[in-house]
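Inspection log for the structure reproduced underneath, given as structure tokens.
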Amino acid sequence: METPQTPFNFFTVSYLTRIGNISAMTLSEFRAGLEHCSDASIFHHTFQTLSTHHFLTEGFSNDFAQWVLADANRDALAEQLAALDIRDYSSIAALRADLCMVVRDFCEQHPEFANQSTLEPFFFCESIEVTVPLGRAAKTLDEFREGVSHLSHSSFYFHFISSRLRLQLRTNDFSHWLADGLGLMTLAENVNRIDVYTNTLDSAREKLLRLVDRERRKHDGSADREPHLSR
Amino acid sequence: MTAVQTANRICLDDYAAVIGAGEIEELRILARPLLGRRVEMVNSTAVGGGVAEMLNRIIPLAQDLRLSFRWDVITGGEDFFAVTKAFHNALHGAPYHPQPRDFEIFREYQQRNLHRLPLDAEFVVIHDPQPLGLIDDRPPGKNQWVWRCHIDLSHPNSVVWDFLNSYVSRYDASIFSSPEFARQLPIPQYLFYPAIDPLSEKNRELPAEFIAEVLARYQIDPLRPILTQISRFDRLKDPLGVIRAYRIVKRYFDCQLVLAGGSACDDPEGAQVLKEVHHAADGDSDIKVLELPAWAPLEVNALQRASSIVIQKSLREGFGLTVSEALWKKKPVVASAVGGIPTQVIHNHTGLLAHSVEGTAYQIRFLLSHPQIAARLGERGHEHVKENFLITQNLKRYLTLFLALGGAV
């Protein structure tokens, strides 16, 4: 395990939800909304909803899919929207393009549904992000474990989920530091594989901590053979 | 010019057992850049009503963060409150033809209150339309004014709204309880959900003996399923529809129905609805129509906790916080898809939604037949409230708003 040049600095995040001026009462309007809403709106209804609804681990993926299912009553389209995995995207533009493509294709294939009124309108909102440093940093795997175990949901979400957009990489803050800072490539990869859709934030954190503990035990076991090991 | 003194000191650390120590620590960290900066909240009453109830908890919590939060109440005569009550109903879509004198009365009392209140804090938060005109005294460019609208503005009387909008558009930001309740405005509109206090008498854990005592007092059998709707005796809460749904369910399950609400003695329409409810109950001893005292939080809490299923079959609704109260108690909820209810009841995830009497009855039957699903909905509902509808979240949203408006981050 390497000694990191820069410590892992823990932050917290808080979001304000801003109500936008776009709403949709049909799938056609929804498609137009997806094309014209702000990036902060796409973020709000996909990335941010994983924080506010993290406890839903079955069949809830993002606000768009949920509305299409519950209010537009179009199960197949809802499934397609739900299948878009934010871990595959490092930019909002790419995510928006795929969302638009899925809805556009559906409307073109099913023009009879495109202009049907939905039960309730969809209101496009957006997230305003405020980040504050927690004043805690980790230089070792032990300190990292201790820091992660005490994070709030929002802080964990910030580092584990929304960081993907900030880094513009298909990874998260934790994995990024574990790989780049400590040289623990396998651990970083395993952490990055934790499914944010089928786990709550709490269970995702538990899995992460278990992976870290396994790594620590590995190094404990080999400590005699590697006396230079940084802990 | 004395600020409202809240009833109790509330310690934020008491909430650690509910939301976790990490969340409390982060509230304290978020509050740090706001230390020494003043916030003034203004509304129209210190007691009664949801806004006063919320401020009575938010202000002490903010003070526990060592923040300088002050709460002021405007004063007004009967003529003022008659006008603002008419405005309130008109904003909800009730028919109303305002006279020029109504607007004069509104303006006169704003001027009178301008001389009473400091309104010099860095962040001034005005609650609801009654004190909206205080912005007339705003010093140019010095502080940030926020309008917190707790009511549904989706179908307002256009004359009243045009009048009020001339004030609203001069604010720096506005806050609504649901995107549906908002208007197209030239200022930013933020979404703050209403919130419940998990440590209040209405929501805290209760001893089993107390719950049993309440059931015994109202002759409710704890061994048979209890369906409950807690709400005013108001046509928009559709108590007659609830009785019809219960009668359908009763064909399949030997259940009881509790309809509990505040006393209707000083509300002529409520008294009439109550009469109709008794008539519809038609002497069925398994329908308990309870007129609770005006403030009976422990009884409401006990009835919700004792329920097998909580119903909220409203025809129209504001946010409907009784739903969050039930979800917090891990109760399966069957509710109408109106107002703010679908925000709380995510269909098939945190409860079940219905659109008719028959649909309500079917969802109740389904949950009584599948107690494991009912329990799972209740568990998820609890998590949903914990994440989104607790007063600590409300406080966090205010801190975040002030940080964003004040450019402290």
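Taken together, the values in this text are just the output of simple stated rules run on the coordinates, not laboratory data. The model shown is predicted, which means the values in this text are computed figures rather than measured ones. Methodologically, a virtual Cβ is constructed for each residue, glycine included, from the backbone with ideal geometry; neighbour enumeration extends over all protein chains shown.
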What list of ³J(HN,Hα) values in whole Hz, one per residue of the range B:179-195 in order, does the Karplus curve 6.51 cos²θ - 1.76 cosθ + 1.60 (θ = phi - 60°) give from phi, with Gly and Pro shown as x?
x, 5, 7, 7, 10, 6, 10, x, 10, x, 10, 10, 9, 10, 6, x, 9
Packing-ranked peptide list from B:14-26, B:388-400, highest mean Cβ count within 10 angstrom first, is B:388-400, B:14-26
Theoretical FRET efficiency, 1/(1+(r/R0)^6), r = Cβ-Cβ of A:T131 and B:E379, R0 30 Å, to 0.05
0.45
Could you tell me how many degrees, from 0 to 90 and to the nearest 10, lie between the Cα long axis of helix A:27-36 and the main elongation axis, the longest principal axis, of the Cα atoms of chain A?
50 degrees
Taking a point 7 angstrom from the Cα of A:L169 along the C-beta vector, which residues in the range A:117-138 have backbone N less than 20 Å away?
A:137-138
Checked against the positive end of the charge dipole of the protein assembly as shown (+1 on Cβ of Lys and Arg, -1 on Cβ of Asp and Glu, about the Cα centre), the farthest of A:T12, A:H219, A:P121 is A:H219
Among A:C107, A:C125, rank each residue by its count of other Cβ atoms within 10 Å, from fewest to most, as a rough exposure measure.
A:C107, A:C125
Chymotrypsin sites (Phe, Trp or Tyr not before Pro) within the range B:236-308: which are DSSP loop residues with at most 14 other Cβ atoms inside 10 Å?
B:Y252, B:W295
Take the alpha carbon gyration tensor of the protein assembly as shown, find the square roots of its eigenvalues, order them as a ≥ b ≥ c, and report rounded if a/c is under 1.5; if not, report prolate when a/b exceeds b/c, else oblate.
prolate
In degrees from 0 to 90, rounded to the nearest 10, what is the angle of the helix B:208-217 Cα long axis to the longest principal axis of chain B?
70 degrees
Check which residues have an amide H placed less than 5 Å from B:G93's amide H, if you skip close sequence neighbours.
B:N157
Per-residue mean of C-beta atoms belonging to partner chains within 10 Å, peptide B:394-400
3
Average partner chain C-beta neighbours within 10 Å, per residue of B:19-32?
5
Among bridges DSSP assigns within the protein assembly as shown, what percent are antiparallel (round to 5)?
30 percent
For the range B:118-130, just list the computed ³J(HN,Hα) in residue order, Karplus coefficients 6.51, -1.76 and 1.60, θ = phi - 60°, integers in Hz, with x standing in for Gly and Pro.
x, 6, 10, 5, 5, 10, 10, 10, 9, 9, 6, x, 3
Mind ranking B:229-235, B:85-91 by how tightly packed they are, going by the mean number of other C-beta atoms within 10 angstrom, highest first?
B:229-235, B:85-91
Rank A:L184, B:P139, A:A83 by how far each Cα sits towards the positive end of the charge dipole of the protein assembly as shown (+1 on Lys, Arg Cβ; -1 on Asp, Glu Cβ) and give me just the farthest.
A:L184
List every residue whose amide H lies under 5 Å from the amide H of B:D128, counting only residues 5 or more places away in sequence or on a different chain, with H placed 1.01 Å from N in the peptide plane.
B:R148, B:C149, B:H150
At 222 nm, what helix-only mean residue ellipticity would the protein assembly as shown give, in deg cm²/dmol to the nearest 500, using -39500 (n - 2.57) for each DSSP H run of four or more?
-13500 deg cm²/dmol
Using a Förster radius of 51 Å, what is the FRET efficiency between B:Q5 and B:S369 based on their Cβ-Cβ separation? Nearest 0.05, please.
0.50
Give the average, rounded to an integer, of partner chain Cβ atoms located within 10 angstrom of each Cβ in A:8-20.
6
Taking A:192-199, A:17-24 and ranking on average Cβ neighbours within 10 Å, highest first, one gets A:17-24, A:192-199
Just check the range A:77-129 against the gyration tensor rule for me: Cα atoms, a ≥ b ≥ c as the square roots of the eigenvalues, rounded for a/c under 1.5, and otherwise prolate or oblate depending on whether a/b exceeds b/c.
oblate
Helix B:391-406 vs. chain B, principal-axis angle (Cα, 0 to 90°, nearest 10)
20 degrees
With charges only on Cβ, +1 for K and R and -1 for D and E, what is the dipole size of the range A:64-153 about its Cα centre, in debye, rounded to 20?
340 debye
Quick calc, the protein assembly as shown, dipole around Cα centre from Cβ unit charges on Lys, Arg (+) and Asp, Glu (-), nearest 20 debye, gives 660 debye
Amide H to amide H under 5 Å from B:I287: which residues, 5+ apart in sequence or cross-chain, H placed 1.01 Å off N in plane?
B:L257
Förster-model FRET efficiency, 35 Å R0, A:S91 and A:L209, C-beta, rounded to 0.05
0.70
In whole Hz, with x marking every Gly and Pro, tabulate ³J(HN,Hα) for the range A:39-56 from phi via Karplus 6.51 cos²θ - 1.76 cosθ + 1.60, θ = phi - 60°.
4, 5, 6, 4, 4, 4, 8, 10, 5, 5, 5, 5, 7, 6, 10, 5, 6, 8
For A:A76 and B:E291, extending 7 Å from Cα along the Cα-Cβ vector and measuring point to point gives, in nm, a value of 5.8 nm
Applying the gyration tensor rule to the Cα atoms of the range A:29-84 (axes a ≥ b ≥ c; rounded if a/c under 1.5, else prolate if a/b exceeds b/c, else oblate), the class is oblate
